[in-house]
Amino acid sequence: MSLPEVQPLYRRLAGLIVGIAALATGLPANADLELHPRLQTSIPSHFPAISADGLSIQEITAPPELPLTIDLTLRSTDLWERLRNGFAMTNLNSDLVLHYQQWYQNRPEALRRMIERSRPYLHHIVEELENRGMPTELALLPMVESSFNPMAHSPAAASGLWQFIPATGKRFKLEQNWWQDERRDVMASTSAALDYLQTIYDMHGDWHLALASYNWGEGAVKRAIEKNEARGLPTDYPNLTMPNETRHYVPKLQALKNILGNPETFARLGLPFIPNETYLVTAAASRPMDVKTAARLANMSLEEFRHLNPSHNRPIIKPDTPVILPADRLETFNENLANHHAPLTQWQAYAVKSAERVGDIAARLGVSSSELIQANGLPGNVRLAAGSKLLVPGNGNSESMQRMLGMESSPAIIQPEPKKSRGKKKLSAKKSSGKNTAKGSRPTAKNTKATASKKTAAKKPVKKK
């Protein structure tokens, strides 16, 4: 046997002899071992004691078994969590943000009411944003614009959740006519608002500038950017010169994002939970339908129906116009509509044959004048010209209504009040030197002059001879 093969054998025998010697001398199992310092650092300083019966038993639990596949489409039941997961805008840090964050937190009750108003609409807005790949912070913008009041109307004639002015509404295909104002339609205005926001984001490439444009106008923001470029100044949102309303606009949104995006702050303020479930759906009838009838078919109160459908200006909904319903009322509405064979409207058209006041028409038809004024959007008990048409309660005559439904503007022609003839005023004659003046109490210029001459002559002293 060669030397290299013998050496490992000797080493094994030596190790065996040392082990037997240690057992023979009764070395404790937990005796301190003197090891090289470098080895001591890698070994725990204390080992669990070993029982006399043998080694201690420690149970090691198996790791949880992972599923073979992960469902990435599984969504949270909390809409706020879904909203937070879609936050994608750059955060704005400024004193104004801190100011409004504190302002909202100091008014938790107002914040709760605003969130409750958002409950029917928020899920639809978040879903639309996700479908377009847009930041979900934008779902909070109606809180800044209208406090989620779909009937909000500003002094600048902006209207609805998203506060469209008439010109911008028309630009983004929102109908504004005698029958309906889609700026107040939750679904139509949301689609238009997101179209507009995407357009101005594509123009600037920055969401803060897009929001400034939404509030101030893209032309104004563009001019402010050009001014800064000409001066060699930064062109981002914080460095532009802008009106105070626009300067405070983005910080308000950022403050709401900071509060609602923080689960701890959200819980501390006791803000309402909103389930991550579809709330709004649409349905339509092929015939004209009263607003009251639509509410009854959906088994809803008139107030609740109008809250979801604030865009209708008249008591009648035109054929094939979508109405917005809670998802759990859709089946009820469709079933009741299919079983409703009577006319869906109790209004009909009335043609004015000769000029007369609304109050006179109402008295002749046996209805209140206030009802006719409200139904037709009139400013009061005005005088209507011949050829005007009115909505009046009746039997729902479809022939007379059909012509009226095609009118986009008011069919009522308001006639100016006739001017009252002003006769010559008979004034009491004024006596002057025992004679009446020919034209009332004021003397003519000629008489005035003559009278003045007489008074002057009377005042001259008589010369003594």
Review point. Using r as the Cβ-Cβ distance of Phe87 and Met203, and R0 as 25 Å, what FRET efficiency do you calculate, to the nearest 0.05?
Key: 0.65
Exercise for review: Report, in cubic angstrom per residue, the convex hull volume of the C-alpha atoms of region 281-338.
Suggested key: 66
Review point. Considering only the other residues whose Cβ falls under 15 Å of the Cβ of Arg306, what net charge follows from Lys and Arg at +1 and Asp and Glu at -1?
Key: +1
Revision key, fill the gap. Classified through the alpha carbon gyration tensor (a ≥ b ≥ c as square roots of its eigenvalues; rounded if a/c is under 1.5, else prolate when a/b is larger than b/c, else oblate), region 222-354 comes out oblate
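If you take the alpha carbon radius of gyration of region 130-169 and divide it by 2.2 N^0.38 Å, what ratio comes out, to two decimals? Walk me through the numbers on the way to the answer.
Values: Rg = 11.3 Å, N = 40, 2.2 N^0.38 = 8.9 Å.
Output field value: 1.27.
What is the local net charge at Leu138, summed over the other residues whose Cβ is closer than 15 Å to its Cβ (Lys, Arg +1; Asp, Glu -1)?
Details: positive: Arg82, Arg84, Arg132, Lys252, Lys257; negative: Glu127, Glu128, Glu130, Glu137, Glu145, Asp195, Asp202, Asp206.
So the environment of Leu138 carries a net charge of -3.
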Exercise for review: Could you grab the relative contact order for region 206-274? Cα pairs under 8 Å, six or more apart, rounded to a whole percent.
Suggested key: 27
Review point. Can you give the net charge of the other residues whose Cβ lies under 13 Å from the Cβ of Gly217, counting K and R as +1 and D and E as -1?
Key: +1
**Study point:** Sequence ranges 190-196, 76-82, ranked by mean other-Cβ count within 10 angstrom, highest first
**Key:** 190-196, 76-82
Review point. To the nearest µm²/s, what D does Stokes-Einstein give for region 79-268 at 25 °C and 0.890 mPa s, using the Kirkwood radius over alpha carbon pairs as Rh?
Key: 143
Practice item. Show the residues, 5+ positions off or on another chain, whose built amide H is closer than 5 Å to the amide H of Ile317. Key: Met289, Asp290, Val291
Review point. Quick one: if you stick a label point 7 Å off each Cα along the C-beta vector at His99 and His340, how many nm between them?
Key: 5.1
Point to revise | ³J(HN,Hα) computed for each position of region 366-372 - Karplus, 6.51 cos²θ - 1.76 cosθ + 1.60, integer Hz, glycine/proline x | key: x, 10, 7, 5, 5, 5, 5
Study note, to complete from the structure: Against the 2.2 N^0.38 Å rule of thumb, the C-alpha Rg of region 347-405 sits at a ratio of 1.03
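Would you mind estimating how fast region 174-218 diffuses translationally, via Stokes-Einstein at 37 °C and 0.692 mPa s with the Kirkwood radius over Cα pairs, in µm²/s? Write down the numbers at each step before the final one.
Numbers: Rh = 11.3 Å.
This corresponds to a translational diffusion coefficient of 291 µm²/s.
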**Study point:** Amide H contacts under 5 Å for Gln348, placed H, 5+ residues apart
**Key:** Val392, Gly394, Gly396
Point to revise | Distant-in-sequence amide H partners of Arg383 (H built 1.01 Å from N, under 5 Å) | key: Gln415
**Study point:** HN-Hα J in Hz across region 158-167 - Karplus 6.51, -1.76, 1.60, θ = phi - 60°, x for Gly and Pro
**Key:** 6, 9, x, 3, 9, 6, 7, 7, x, 5
Review point. Rounded to the nearest whole Å³, what is the per residue volume of the convex hull around the Cα atoms of region 68-173?
Key: 164
Review point. Along region 270-275, what does the Karplus equation 6.51 cos²θ - 1.76 cosθ + 1.60 (θ = phi - 60°) give for ³J(HN,Hα), rounded to whole Hz, x for Gly and Pro?
Key: x, 7, x, 6, 10, x
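Just so you know, all these numbers are worked out from the coordinates, no wet-lab data involved. Every value quoted in this text rests on a predicted model; they were computed, and no experiment measured them. Every residue, glycine as well, gets a Cβ built from its backbone with ideal geometry; the counts of neighbours run over all protein chains shown.
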